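The values are calculated or read from the model by the stated rules, or taken from the named source; none is laboratory data. This is a predicted model, so every value here is computed, not measured. Neighbour counts run over all protein chains shown; Cβ positions are idealised from the backbone, glycine included. With ligands, DNA and RNA removed, areas are computed over all heavy atoms of the protein, side chains included. Shrake-Rupley method; radii C 1.70, N 1.55, O 1.52, S 1.80 Å.
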Amino acid sequence: MDVMAARKTTPGSATVRKVAIVGGNRIPFARSNGPYARASNQDMFTAALDGLVSRFSLQDELIGEVAAGAVLKHSKDFNLARESVLGSKLAPATPASDVQMACGTGLQAVLTVAHKIALGEIDSAIAGGVDTTSDAPLAVNPDLRQILVQLNAAKTLADRLKLVAKIRPGHIVPEIPRNSEPRTGLSMGEHAALTAKVWDVAREAQDELAATSHRNLAAAYERGFFDDLVTPFLKLARDQNLRPDSSPEKLAKLKPVYGGADGTMTAGNSTPLTDGASTVLLATDEWAKAHQLPVLAYLTFSQTAAVDYVHGDEGLLMAPAYAVPRMLDRAGLALQDFDFYEIHEAFASQVLATLKAWEDPAFAKEKLGLDAPLGSIDRSKLNVNGSSLAAGHPFAATGGRIVATLAKLLHEKGSGRGLISICAAGGQGVTAILEK
Ligand SMILES: CC(=O)CC(=O)SCCNC(=O)CCNC(=O)[C@H](O)C(C)(C)COP(=O)(O)OP(=O)(O)OC[C@H]1O[C@@H](n2cnc3c(N)ncnc32)[C@H](O)[C@@H]1OP(=O)(O)O
C-alpha cells in the first residue's frame, strides 16, 4: 500500500485551523474551608463540566478531548480529568488528559486542546481546572509510608505485627503542603514582596487595584454578566470572596502579611485561598455551526516563558513580562493594540510590577533586548469585570475563568482584541491573545 497516497495530508502540509471559544462555565468560587470544604476536586470539576453540558446541550456528546488539571491533588486524582468525564453527562468515550502548570494550568489546558483543534486532530474540546485548598492533600510521614506499603504486601500475621511494632507516635504527624517554592523555601507572597520592593510598588497603588477589582466584579454581577455562566453549587450563587464595599481606605487599615512589618502586601491586596472549578468549550467554526452554538471569540496567539528566579535576579512571578513581548512580536502588535487586558491578580503587587517592567526602558533594553519599552496600558481596560483579588483564585480554575470572561467581553463588544497574562509558581508565565 502506498502510505503517502493513503494519507489525507503529507508531512508538513497540515493547515492550521481557527480555534473558536464557544463559552465557559464555572461554579462560584468559595473561600477555603467554606461551603465547599467537603467537596473534592472531582466533585467540583464534574459540577462545572455538567454546567457546561447543560448550557450548551452537550448531553451524551462525544467531545474531542477534555484537558484539565489541579495544582493540589490527592493520589486518587491521578486521572482527574478522565474520572470527571466519566462522572459527567458527556459521552463516556470522551478522552481526557491531565495538565499541570501551577496557576497557569487552566490556560495551559486551553492551549493544549486548542493546538489539537488547530492541527486537525479534534473538532471540539473542553479545557478547565479545579482546586481545593480546603481538601488539600496531606501526606503521611515518609517512614510511616514505607511501613504501610510493606504492611500491605506482608504475607503472614507475624510479618504484619513486626511492621506495626515499628510505628512511633512521631510518625502520625502529617506533611502539610506548603504554599512555598521548593527551591527557595519562600512562599509566593514572600517572593512577590521582594519583587514589590525591587519595583517600588506602593501600598496605595496595590489597595487601589484591589478595590477596583471588587468594584468591577460587583458591577459585572449587577449587570447580569455572569447570569448565564454560573452554576450554583452547594447553595453558593456568587463568588464568596467578593466584598462590594471594599475601598482603598478600608484596605489601607489591614496589616502587612508579607515582607515584614513595613511590607505593603495584605490579605486585601493578595488573593485568598479559594476552592472552585471552571470549564471552557472550544471548537472549530464548523463544529460550532453544526451544533448551533455561538462563537464568542478566537484564540489567535499564545506564549509561555519562564524566569530563573533561583540563580538570577528575576522575580518569581515575572515570567509574563517576558512572554508578552515575545507574543506581541510574533503577532505584529503593540501592547496598546488591545481593548481588554486580563492580567491574573495573584497579588496586586505582581500586576503592578509587571506593568512597571513593561514601562521601563532599562528592563526593555537589558532584559528584553528591545530599543524601547512596551509602554503603558490604558488602565480602564484592565480586568474590567474584576479578577482574582475579588473573585478568588482556585489555582488551576483561574485560567478558565479568565478565558471565558474575555471571550464574552469581546462578544459583547462585537469586535476587538484581548490580552491574557497569567503568572505561575516555578517562575513560569502563560499568555494568550483572543480576537473577535
Ligand atoms: C499559584 C501560582 O502558580 C501563581 C499565583 O497565583 S501566586 C498567588 C497564590 N496565592 C497566594 O499565595 C496567597 C494565598 N493567600 C493566603 O495565604 C491568605 O489569604 C493570606 C495569608 C494572604 C491572608 O490570610 P488571612 O489573614 O487568613 O486572611 P483573612 O482572615 O481572610 O483576612 C485578614 C483580614 O483582612 C480583612 N480583609 C480581607 N480582604 C478585605 C477587603 N477586601 N476589604 C476589607 N477587609 C479585608 C479580613 O476581613 C480580615 O479581617 P479580620 O482579621 O478583622 O477578620
Task: Exclusive hit being closer than 27 Å to PHE29 by Cα and either under 21 Å from the mean Cα position of the chain (by Cα) or not hydroxyl-bearing (Ser, Thr, Tyr) (or both), set LEU209, LEU194 - done: LEU209
Task: Pairs where the first residue, in region 101-122, is farther than 22 Å from TRP287 by Cβ and the second is open to solvent by 20 Å² or more (accessible area, probe 1.4 Å) and outside any strand (DSSP E or B), C-beta under 6 Å, 6+ apart - done: MET101/GLN108; ALA102/VAL71; ALA102/ALA425; ALA102/GLY426; CYS103/PHE395
- [ ] State all residues of region 404-436 that are surrounded by fewer than 24 Cβ atoms within 10 Å (Cβ to Cβ), among the hydrophobic types (A, V, I, L, M, F, W, C) and outside any helix (DSSP H, G or I); if no residue qualifies, say none.
- [x] ALA425
- [ ] Give the residue, chosen from LEU107, LEU144, that is modelled with pLDDT under 95, surrounded by 14 or more Cβ atoms within 10 Å (Cβ to Cβ) and farther than 23 Å from ALA37 by Cβ.
- [x] LEU144
Open item on the list: If I go through region 189-208 residue by residue, how many of them are under 20 Å from ALA424 (Cβ atoms), open to solvent by 10 Å² or more (accessible area, probe 1.4 Å), touching a helix residue (DSSP H, G or I) at 6+ places or on another chain (Cβ under 9 Å) and within 14 Å of the ligand (Cβ to nearest atom)?
Closed with: 2
Open item on the list: Being part of a helix (DSSP H, G or I), within 16 Å of the ligand (Cβ to nearest atom) and either farther than 21 Å from GLY51 by Cα or free of Cβ contacts under 8 Å to residues at least 60 places away in the same chain (or both) is the filter here; which residues of region 377-403 pass it?
Closed with: SER388, LEU389, ALA390
Open item on the list: With the requirement that a residue be part of a helix (DSSP H, G or I) and touching a Gly at 6+ places or on another chain (Cβ under 9 Å), what does region 173-200 give you?
Closed with: GLY189, GLU190, HIS191, ALA192, ALA193, LEU194, THR195, ALA196, LYS197, VAL198
Open item on the list: Given the options GLY260, GLY315, GLY276, GLY268, name the one that is within 16 Å of the ligand (Cβ to nearest atom) and assigned to a strand (DSSP E or B).
Closed with: GLY276
Open item on the list: So for region 362-376 (the condition being in contact with a strand residue (DSSP E or B) (Cβ under 9 Å, 6 or more places away or on another chain), surrounded by fewer than 24 Cβ atoms within 10 Å (Cβ to Cβ) and in a loop (DSSP other than H, G, I, E, B)), does at least one residue qualify?
Closed with: no
